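K.L.:
Structure provided below as structure tokens; questions to follow.
The values are calculated or read from the model by the stated rules, or taken from the named source; none is laboratory data. Everything quoted here is computed from the prediction, not taken from an experiment. Cβ placement follows ideal geometry from the backbone for every residue including glycine, while neighbour counts extend to all protein chains displayed. Side chains included, ligands, DNA and RNA excluded: accessible areas come from the protein's heavy atoms. Shrake-Rupley method; radii C 1.70, N 1.55, O 1.52, S 1.80 Å.
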Amino acid sequence: MELVLKHIEENKQNFLDELKEFIAIPSISTGEENKNEVARCANWVADHLKNIGMNNVKVFPTEGHPVVYGDWLGAPGKPTVLIYGHYDVQPVDPIDLWESPPFEATVRGDNLYARGAADDKGQVFIHFKAIEAYMKNTGSLPMNVKLMIEGEEEVGSRNLPKFLREHKDLLKADLIVVSDSSMFAKGVPSICYGLRGLSYMQIDLVGPKGDLHSGSFGGSVHNPIQALTEIVASLHDKNGKITIPGFYKDVLALTKKERDAFKKLPWNDKKYAKELGVKQLYGEKGFTTLERLWARPTLECNGIWGGFTGEGAKTVLPSKASAKISMRLVPHQKSAKIAKLFEKHIHKIAPKSVQVTVRNLHGGEAAITPIDSPGVKAAVAALEKGFNKKPLYQREGGSIPIVVDFKQILGLDTVLLGFGLPDENAHAPNEFINLDNFYGGMRTVAHLFNELPNYLKKK
Ligand code: BES
Ligand code: MN
Ligand code: MN
């Protein structure tokens with residue numbers, strides 16, 4: 001272990017240089033424009049896995065972007081951990097707001113800034129380097145390790161469930177570890193045990209068959225932007241509750257125990273509001289901010305458009321208006337059912353003066369992972385050693401829908417071991433990973449490989 005930790009300490013700069021190469025490949029998975037770059041990134045990952053001593057490295061093509069696999073199975077009789085992460089990233093727009101180019105990883109202060117720095121290239125890379133530290137210094141790992149790094153997480157992991165079904169044997173393991181979430185705060189490591197699900201919808205409205213002069217026609221037809229905003233505004237009531245009938249029916253209620261646990265976490269609403277630049281927080285009445293973020297479903301309008309949005313003025317009564325609306329779901333809500341309730345409700349409330357189309361773009365399920373499992377206990381011990389601090393237990397508002405498939409298809413529990421930060425600007429300009437988390441993450445994963453065999457045995 002000493003040699004392993006020394007390797008991490010002595011190679012800090014090398015790791016940054018290598019991560020910069022990984023980040024430099026613009027592996028944006030949405031759209032077709034970057035398909036070749038995504039493929040190039042998959043090959044980079046495969047080559048890197050070979051370099052750090054992984055065997056059976058393979059780039060598996062899918063109907064979308066490839067899945068990269070590699071393993072080291074030289075510890076017979078010891079348990080096997082399957083590490084999952086993603087090498088694809090989100091688009092970079094609005095590009096003007098980046099202080100340094102998104103694909104040129106740049107250190108400023110304690111952080112490394114780049115698209116994918118935290119979500120998820122930097123976090124995947126933490127695992128690569130923990131493995132390298134063992135392989136270079138001891139020629140082996142304390143347990144068997146498999147890695148599966150995909151290229152379609154940011155577009156809903158469309159082809160991954162099929163991949164899991166088709167490669168059950170290859171992916172046989174005792175536990176899954178995912179580093180694709182955040183620590184509670186800077187210097188405050190945490191174990192995440194809950195993720196929200198997602199139902200992503202689009203509403204398209206058509207009023208008159210073409211754009212109209214707003215003077216000649218205004219007053220005679222329902223402006224589709226007005227109709228749309230009336231619909232969208234009506235989806236929440238005065239108490240911040242979602243008005244779709246049946247929406248809350250299956251929601252897994254918070255227990256008193258969990259609410260008490262949330263209340264003990266070091267949280268300050270005023271400070272949080274200030275960090276976000278708002279004078280006042282908003283949300284469902286009767287719940288604290290953390291409850292609303294982690295354990296209550298929400299509905300957000302992600303984008304809304306129509307009519308004239310150029311510079312200056314144009315007096316037009318537009319023909320069309322659209323909105324993208326996503327709902328974050330909690331355990332026991334089913335994304336397909338919620339999508340149907342949404343669609344039915346929109347059609348019911350839409351005025352006859354416009355034509356409405358509702359589309360279900362994608363969805364995924366919420367997850368709760370067992371908190372007192374041997375895997376979580378090992379992760380707690382590893383975090384404590386890696387960061388010299390006892391971790392907290394938390395849930396997350398974001399979604400990693402494949403976690404539910406890991407349980408259903410592979411029968412495996414997942415440990416969510418995140419090294420990001422809540423303010424890391426994931427999906428936004430100036431995404432970063434904190435360097436203390438980057439190196440602390442490597443130490444933690446190195447300890448985890450060492451600890452897991454003890455804990456999993458005691459099952
Ligand atoms: N790493 C995130 C998920 C995440 C975000 C976990 C914040 C915990 C905290 C992941 O890459 C992501 O962005 N997921 C999407 C899922 C969607 C595309 C199905 C999300 O949450 O919007
Ligand atoms: Mn991610
Ligand atoms: Mn993401």
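K.L.:
I'd like the accessible area for TRP72, computed on protein heavy atoms only with a 1.4 Å probe and all protein chains in place. Round to 10 Å², please.
P.N.:
About 30 Å², ignoring ligands and nucleic acids.
K.L.:
Moving to a separate point now. Would you list LYS78, LYS209 from the most to the least accessible area, probe 1.4 Å?
P.N.:
The residues order as LYS209, LYS78, largest area first.
K.L.:
Restrict the search to segment 276-354; then list the chymotrypsin sites (Phe, Trp or Tyr not before Pro) that DSSP places in a loop and that have at most 10 other Cβ atoms within 10 Å of their Cβ.
P.N.:
Sites meeting the loop and neighbour criteria: TYR282.
K.L.:
What spacing in nm lies between the two simple spin-label points modelled at ARG165 and LEU361, each 7 Å away from Cα in the Cβ direction?
P.N.:
Each label point lies 7 Å from its Cα, and together they span 2.6 nm.
K.L.:
Kindly work out what percent of the DSSP beta bridges joining two residues of the chain are antiparallel, to the nearest 5.
P.N.:
If I count the DSSP bridges inside the chain, around 70 percent turn out antiparallel.
K.L.:
LEU392 accessible area, nearest 10 Å², 1.4 Å probe?
P.N.:
50
K.L.:
Show that you can apply the helix-only estimate: for the chain, add -39,500 (n - 2.57) for every DSSP H stretch of four or more residues, divide by all residues, and state [θ] at 222 nm to the nearest 500.
P.N.:
Roughly -11000 deg cm²/dmol at 222 nm, from the helical runs in the chain.
K.L.:
Still on this structure, please answer the following. In whole Hz, with x marking every Gly and Pro, tabulate ³J(HN,Hα) for segment 211-222 from phi via Karplus 6.51 cos²θ - 1.76 cosθ + 1.60, θ = phi - 60°.
P.N.:
For segment 211-222, the Karplus-derived couplings read 4, 10, 5, 6, x, 5, 10, x, x, 10, 10, 7 Hz, x marking Gly and Pro.
K.L.:
I'd like the accessible area for LEU410: 1.4 Å probe, protein heavy atoms, all chains in place, Å² to the nearest 10.
P.N.:
30
K.L.:
Within the accessible area of segment 114-185, what % is carbon and sulfur when the probe is 1.4 Å and the other protein chains stay in place?
P.N.:
Here carbon and sulfur together make up 45 percent of the probe-accessible area.
K.L.:
Largest first, what is the accessible-area ranking of THR309, THR106 with a 1.4 Å probe?
P.N.:
THR309, THR106
K.L.:
Let me ask something additional. Please go through the residue pairs LYS12/LYS407; LYS12/LYS146; LYS162/LYS271 and name each one whose alpha carbons sit more than 32 Å apart in this structure.
P.N.:
Exceeds cut-off: LYS12/LYS407; LYS162/LYS271.
K.L.:
Separate question: Once phi is turned into θ = phi - 60°, what whole-Hz ³J(HN,Hα) does the Karplus curve with 6.51, -1.76 and 1.60 give for every residue of segment 6-23, x standing for Gly and Pro?
P.N.:
5, 4, 5, 4, 7, 10, 3, 5, 4, 4, 4, 4, 5, 4, 4, 4, 4, 5
K.L.:
Which whole-Hz ³J(HN,Hα) couplings does segment 382-389 yield from phi under the Karplus relation 6.51 cos²θ - 1.76 cosθ + 1.60, θ = phi - 60°, glycine and proline marked x?
P.N.:
Calculated HN-Hα couplings, in order: 5, 4, 4, 6, x, 10, 6, 7 Hz.
K.L.:
Okay, moving on. Could you tell me which of rounded, prolate or oblate describes segment 91-191, using a ≥ b ≥ c as the square roots of the eigenvalues of the alpha-carbon gyration tensor, with rounded for a/c under 1.5 and, failing that, prolate when a/b is larger than b/c and oblate otherwise?
P.N.:
oblate
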